[in-house]
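The values are calculated or read from the model by the stated rules, or taken from the named source; none is laboratory data. Quick caveat: nothing in here was measured; it's all calculated off a predicted structure. Neighbour counts run over all protein chains shown; Cβ positions are idealised from the backbone, glycine included. Heads up: the accessible areas ignore ligands, DNA and RNA and are worked out on the full protein's heavy atoms, side chains in. Shrake-Rupley method; radii C 1.70, N 1.55, O 1.52, S 1.80 Å.
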Amino acid sequence: MTETSPRSAENGRAFLILHGWQNHRPVGHWQYWLADRLTDLGHEVAYPQLPEPDDPDLERWLAELDALLGELAGRRVTVVCHSLACLLWLHAVARDDVLSDPVDRVLLVAPPSPEFAREHEEIAEFAPPPLAPERLAAAASYTRLVSSDNDPYCPQGATTAYAEPLALPADVLTGEAHLNPDSGYGSWPSMLDWCLDPSPESYEKTPLARR
(Lines give C-alpha, C1' and ligand atoms only; values in the text may rest on other atoms or scores of the structure.)
Protein backbone atom coordinates (compact mmCIF):
# COMPACT_ATOMS: atom_id res chain seq x y z
CA MET A 1 0.00 0.00 0.00
CA THR A 2 1.68 3.20 -1.14
CA GLU A 3 -0.18 6.46 -1.52
CA THR A 4 1.02 9.87 -2.65
CA SER A 5 -0.75 13.18 -2.40
CA PRO A 6 -0.10 16.85 -3.21
CA ARG A 7 -0.12 17.69 0.49
CA SER A 8 2.73 15.26 1.08
CA ALA A 9 4.76 16.90 -1.66
CA GLU A 10 4.20 20.30 -0.09
CA ASN A 11 5.27 19.45 3.43
CA GLY A 12 7.97 16.94 2.48
CA ARG A 13 6.83 14.31 4.99
CA ALA A 14 6.40 10.60 4.34
CA PHE A 15 5.68 7.54 6.44
CA LEU A 16 7.12 4.05 6.07
CA ILE A 17 5.24 1.39 8.05
CA LEU A 18 6.94 -2.00 8.44
CA HIS A 19 5.26 -5.16 9.75
CA GLY A 20 6.58 -8.18 11.58
CA TRP A 21 6.84 -11.94 11.35
CA GLN A 22 3.78 -13.79 9.98
CA ASN A 23 2.03 -10.49 9.36
CA HIS A 24 0.06 -10.32 6.11
CA ARG A 25 -1.18 -6.79 6.81
CA PRO A 26 -4.63 -7.76 8.13
CA VAL A 27 -7.22 -5.01 8.02
CA GLY A 28 -7.70 -5.28 11.80
CA HIS A 29 -4.09 -4.41 12.62
CA TRP A 30 -3.27 -0.93 13.97
CA GLN A 31 -0.64 -0.50 11.25
CA TYR A 32 -3.30 -0.94 8.58
CA TRP A 33 -5.52 1.53 10.45
CA LEU A 34 -2.62 3.98 10.74
CA ALA A 35 -1.77 3.75 7.04
CA ASP A 36 -5.40 4.43 6.15
CA ARG A 37 -5.71 7.40 8.50
CA LEU A 38 -2.47 9.01 7.31
CA THR A 39 -3.44 8.47 3.68
CA ASP A 40 -6.90 9.94 4.28
CA LEU A 41 -5.19 13.04 5.69
CA GLY A 42 -3.21 13.43 2.49
CA HIS A 43 0.16 12.08 3.58
CA GLU A 44 2.48 9.90 1.55
CA VAL A 45 2.46 6.42 3.05
CA ALA A 46 4.32 3.23 2.17
CA TYR A 47 3.00 0.10 3.88
CA PRO A 48 4.50 -2.76 1.88
CA GLN A 49 4.00 -6.48 2.19
CA LEU A 50 7.52 -7.67 2.88
CA PRO A 51 8.62 -10.90 1.13
CA GLU A 52 7.66 -14.25 2.65
CA PRO A 53 6.52 -12.97 6.05
CA ASP A 54 6.05 -16.50 7.43
CA ASP A 55 9.65 -17.47 6.63
CA PRO A 56 11.46 -14.15 6.17
CA ASP A 57 14.93 -13.77 4.77
CA LEU A 58 16.98 -11.03 6.38
CA GLU A 59 18.88 -10.06 3.24
CA ARG A 60 15.68 -9.80 1.18
CA TRP A 61 14.01 -7.67 3.82
CA LEU A 62 17.08 -5.41 4.04
CA ALA A 63 17.11 -5.03 0.27
CA GLU A 64 13.41 -4.15 0.33
CA LEU A 65 13.99 -1.59 3.08
CA ASP A 66 16.86 -0.06 1.13
CA ALA A 67 14.68 0.24 -1.99
CA LEU A 68 11.76 1.74 -0.08
CA LEU A 69 13.95 4.37 1.56
CA GLY A 70 15.41 5.17 -1.84
CA GLU A 71 11.92 5.83 -3.19
CA LEU A 72 11.28 8.22 -0.29
CA ALA A 73 14.57 10.10 -0.60
CA GLY A 74 14.26 13.82 -0.07
CA ARG A 75 11.32 13.59 2.34
CA ARG A 76 11.19 13.83 6.12
CA VAL A 77 10.60 10.12 6.69
CA THR A 78 9.01 8.63 9.79
CA VAL A 79 9.58 4.86 10.06
CA VAL A 80 7.10 2.90 12.20
CA CYS A 81 8.24 -0.66 12.93
CA HIS A 82 6.32 -3.39 14.70
CA SER A 83 7.77 -6.60 16.11
CA LEU A 84 10.29 -8.24 13.75
CA ALA A 85 10.56 -5.03 11.72
CA CYS A 86 12.23 -3.48 14.77
CA LEU A 87 15.02 -6.04 14.49
CA LEU A 88 15.18 -5.41 10.75
CA TRP A 89 15.79 -1.72 11.49
CA LEU A 90 18.56 -2.55 13.97
CA HIS A 91 20.29 -4.68 11.34
CA ALA A 92 19.97 -1.87 8.81
CA VAL A 93 21.50 0.56 11.29
CA ALA A 94 24.41 -1.81 11.90
CA ARG A 95 25.18 -2.10 8.18
CA ASP A 96 27.01 0.35 5.94
CA ASP A 97 25.10 -0.51 2.77
CA VAL A 98 21.44 0.15 3.63
CA LEU A 99 20.85 3.57 5.17
CA SER A 100 22.50 6.11 2.90
CA ASP A 101 20.84 9.07 4.66
CA PRO A 102 19.32 9.45 8.13
CA VAL A 103 15.55 9.51 8.46
CA ASP A 104 13.59 11.95 10.58
CA ARG A 105 12.01 9.63 13.17
CA VAL A 106 11.85 5.95 14.02
CA LEU A 107 9.35 4.24 16.30
CA LEU A 108 10.18 0.71 17.46
CA VAL A 109 7.02 -0.99 18.70
CA ALA A 110 7.11 -4.28 20.64
CA PRO A 111 10.47 -5.69 19.48
CA PRO A 112 10.92 -9.39 20.23
CA SER A 113 13.85 -10.23 22.45
CA PRO A 114 17.13 -11.51 21.03
CA GLU A 115 16.51 -14.81 22.80
CA PHE A 116 13.07 -15.20 21.26
CA ALA A 117 14.48 -14.62 17.78
CA ARG A 118 17.31 -17.11 18.26
CA GLU A 119 14.89 -19.76 19.57
CA HIS A 120 12.82 -19.70 16.36
CA GLU A 121 14.55 -21.02 13.26
CA GLU A 122 12.48 -18.92 10.86
CA ILE A 123 13.74 -15.65 12.36
CA ALA A 124 16.98 -16.64 14.08
CA GLU A 125 19.07 -14.58 11.67
CA PHE A 126 17.12 -11.48 12.72
CA ALA A 127 18.53 -11.65 16.25
CA PRO A 128 19.93 -8.16 16.71
CA PRO A 129 23.60 -7.48 16.02
CA PRO A 130 25.90 -5.64 18.44
CA LEU A 131 24.99 -1.99 18.21
CA ALA A 132 26.15 1.23 19.85
CA PRO A 133 23.74 4.05 20.74
CA GLU A 134 25.79 6.39 18.53
CA ARG A 135 24.94 4.28 15.50
CA LEU A 136 21.21 4.61 16.16
CA ALA A 137 21.58 8.33 16.70
CA ALA A 138 23.26 8.68 13.31
CA ALA A 139 20.47 6.76 11.53
CA ALA A 140 17.60 9.00 12.66
CA SER A 141 17.19 12.36 14.29
CA TYR A 142 14.96 10.71 16.88
CA THR A 143 14.22 7.09 17.83
CA ARG A 144 11.68 5.95 20.41
CA LEU A 145 10.68 2.56 21.83
CA VAL A 146 7.14 1.51 22.73
CA SER A 147 6.48 -1.79 24.48
CA SER A 148 4.32 -3.59 27.00
CA ASP A 149 5.30 -4.93 30.39
CA ASN A 150 3.93 -8.40 29.58
CA ASP A 151 4.91 -9.03 25.97
CA PRO A 152 5.30 -12.82 25.56
CA TYR A 153 7.79 -12.20 22.74
CA CYS A 154 10.07 -10.21 25.05
CA PRO A 155 9.73 -11.68 28.55
CA GLN A 156 12.53 -9.66 30.14
CA GLY A 157 11.03 -6.43 28.87
CA ALA A 158 12.05 -4.28 25.93
CA THR A 159 13.35 -1.59 28.26
CA THR A 160 15.96 -4.01 29.60
CA ALA A 161 16.69 -5.60 26.22
CA TYR A 162 16.80 -2.45 24.11
CA ALA A 163 15.97 0.93 25.65
CA GLU A 164 18.60 0.91 28.37
CA PRO A 165 21.57 -0.46 26.38
CA LEU A 166 20.74 1.72 23.36
CA ALA A 167 19.89 4.85 25.36
CA LEU A 168 16.40 5.13 23.87
CA PRO A 169 13.41 6.97 25.33
CA ALA A 170 10.71 4.41 26.03
CA ASP A 171 7.01 4.16 26.75
CA VAL A 172 5.99 1.02 28.65
CA LEU A 173 2.28 0.23 28.50
CA THR A 174 0.77 -1.90 31.25
CA GLY A 175 -0.80 -5.25 30.36
CA GLU A 176 -0.95 -4.75 26.59
CA ALA A 177 0.99 -7.88 25.53
CA HIS A 178 2.41 -7.68 21.97
CA LEU A 179 0.51 -4.53 20.96
CA ASN A 180 -1.24 -6.28 18.11
CA PRO A 181 -4.87 -7.09 17.21
CA ASP A 182 -4.94 -9.89 19.80
CA SER A 183 -4.27 -7.15 22.37
CA GLY A 184 -7.07 -5.03 20.96
CA TYR A 185 -4.85 -2.79 18.87
CA GLY A 186 -6.92 -2.05 15.81
CA SER A 187 -7.23 1.71 16.10
CA TRP A 188 -4.56 3.57 18.09
CA PRO A 189 -5.29 7.31 18.30
CA SER A 190 -2.17 8.27 20.28
CA MET A 191 -0.05 6.58 17.63
CA LEU A 192 -1.68 8.75 14.97
CA ASP A 193 -1.17 11.85 17.12
CA TRP A 194 2.53 11.08 17.48
CA CYS A 195 2.94 10.56 13.75
CA LEU A 196 1.19 13.83 12.98
CA ASP A 197 3.24 15.88 15.43
CA PRO A 198 5.14 18.26 13.13
CA SER A 199 7.70 19.56 15.59
CA PRO A 200 10.99 17.71 16.21
CA GLU A 201 11.34 19.66 19.46
CA SER A 202 8.17 18.07 20.86
CA TYR A 203 8.79 14.42 19.94
CA GLU A 204 10.34 13.79 23.35
CA LYS A 205 7.31 15.33 25.04
CA THR A 206 4.77 13.22 23.13
CA PRO A 207 4.58 9.77 24.76
CA LEU A 208 2.63 6.93 23.23
CA ALA A 209 -0.40 6.04 25.29
CA ARG A 210 -2.64 2.99 25.26
CA ARG A 211 -5.16 2.57 22.48
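Rounded to the nearest whole Hz, the Karplus-based 3J(HN,Hα) values (6.51 cos²θ - 1.76 cosθ + 1.60, θ = phi - 60°) of the range 179-185 follow the sequence 6, 9, x, 4, 8, x, 8, with x at glycine and proline.
Report D for the range 1-113 in µm² per second (integer): Stokes-Einstein, Kirkwood Rh on Cα pairs, 37 °C, 0.692 mPa s. Walk me through the intermediate numbers first.
Values: Rh = 14.1 Å.
So the translational diffusion coefficient is about 232 µm²/s.
Solvent-accessible area per residue for the range 74-211 at a 1.4 Å probe radius, Å²?
Details: 5840 Å² over 138 residues.
Heavy-atom SASA per residue in the range 74-211 reads 42 Å².
If you put +1 on each Lys and Arg Cβ and -1 on each Asp and Glu Cβ, how big is the dipole of the range 86-211 around its Cα centre, in Debye rounded to 20? Working shown, then result.
Values: 8 positive and 20 negative charges, 51 e Å.
Value, rounded to 20: 240 debye.
Largest mean-square fluctuation among 190, 148, 83, in a Gaussian network model of the chain whose springs join Cα atoms under 10 Å apart, belongs to 190.
Taking each DSSP H run with n ≥ 4 as -39500 (n - 2.57) and averaging over every residue of the chain yields -8500 deg cm²/dmol at 222 nm.
Each part reduced to its alpha carbon centroid, the range 108-151 and the range 63-106 end up 13 Å apart.
Per residue, the average separation of C-alpha pairs within less than 8 Å and at least 6 apart gives the chain a relative contact order of 19 percent.
Shape index of the chain: Rg/Rh, with Rg the Cα radius of gyration and Rh the Kirkwood radius from the inverse mean 1/r over Cα pairs, equals 0.92. Between residue 143 and 106, the built amide H atoms are under 5 Å apart, and every one of these is 5 or more places off in sequence or on another chain. Each Lys and Arg Cβ is given +1 and each Asp and Glu Cβ -1; about its Cα centre, the chain then shows a dipole of about 680 debye.
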